[in-house]
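Notes for the one structure printed next.
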Amino acid sequence: GGIIIIAILRDRFSKISFNVHDKHSNLLKVLLIGFFANILITVAAMLLFITVVAPVLYLLIMAVAMTAAGTYIGSIMLRFMRIYANLFLEFIAGIALTTAVQVIILLFMPYLGNFIGIIIYLFTVICFYSIGFGAIIDGKL
């Protein structure tokens with residue numbers, strides 16, 4: 001789904017990559033802005049869950065946020081490795097990293113305990129979505 005979103009909004013997602021490559025973007029700033037946007041959008045969606053449109057719109061917004069997070073994280077990762085690639089490769093690298101982190105947490109859940117494992121997993125998922133929302137706002141998507 002993310003590749004389709006990038007194909008449709010390619011110019012807007014290239015701003016996210018541009019900000020990372022030109023060092024205009026600060027990860028902590030992106031994370032904090034995105035965290036507050038994540039809370040605001042989730043609360044608004046909960047208030048509007050009575051309608052049929054709100055859940056579908058919420059899922060679409062979350063898909064765009066995860067696509068932005070993958071692009072942002074992939075841009076940082078590839079820039080760190082001094083690889084300058086296109087937008088699709090940045091997205092795939094970022095999604096692969098975020099998915100790998102989530103799978104590793106789920107694999108270690110029996111050793112951490114279910115409650116601690118769930119808390120850590122939810123924390124990482126919230127961080128990834130917050131990075132996505134922050135990258136969207138920071139890149140003025």
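What is the diffusion coefficient of the range 86-133 in µm²/s, taking the Kirkwood radius over Cα pairs and the Stokes-Einstein relation at 25 °C with a viscosity of 0.890 mPa s? Could the numbers behind the result be given before it?
Values: Rh = 11.5 Å.
The diffusion coefficient I find is 213 µm²/s.
From Cα pairs below 8 angstrom and at least 6 apart in sequence, can you work out the relative contact order of the chain, rounded to a whole percent?
Relative contact order for the chain comes out at 41 percent.
Give the carbon-plus-sulfur fraction of the accessible surface of the chain in %, rounded to a whole number; probe 1.4 Å, heavy atoms of protein chains only.
With neighbouring chains kept in place, the figure for the chain is 78 percent.
More than 20 Å apart: what percent of Cα pairs in the range 39-141 qualify?
Cα-Cα pairs in the range 39-141 separated by more than 20 Å: 49 percent.
Kindly report the accessible area of the range 80-141 per residue (heavy atoms of protein chains, probe 1.4 Å, no ligands, DNA or RNA), in Å².
62 Å²
Could you compute how fast the range 1-96 diffuses translationally, taking Rh as the Kirkwood radius over C-alpha pairs and applying Stokes-Einstein at 10 °C with viscosity 1.306 mPa s? Give it in µm² per second.
Translational D for this selection: 112 µm²/s.
The values are calculated or read from the model by the stated rules, or taken from the named source; none is laboratory data. Everything quoted here is computed from the prediction, not taken from an experiment. When the accessible area is computed, the model is the full protein with side chains, heavy atoms only, and any ligands, DNA or RNA have been set aside. Shrake-Rupley method; radii C 1.70, N 1.55, O 1.52, S 1.80 Å.
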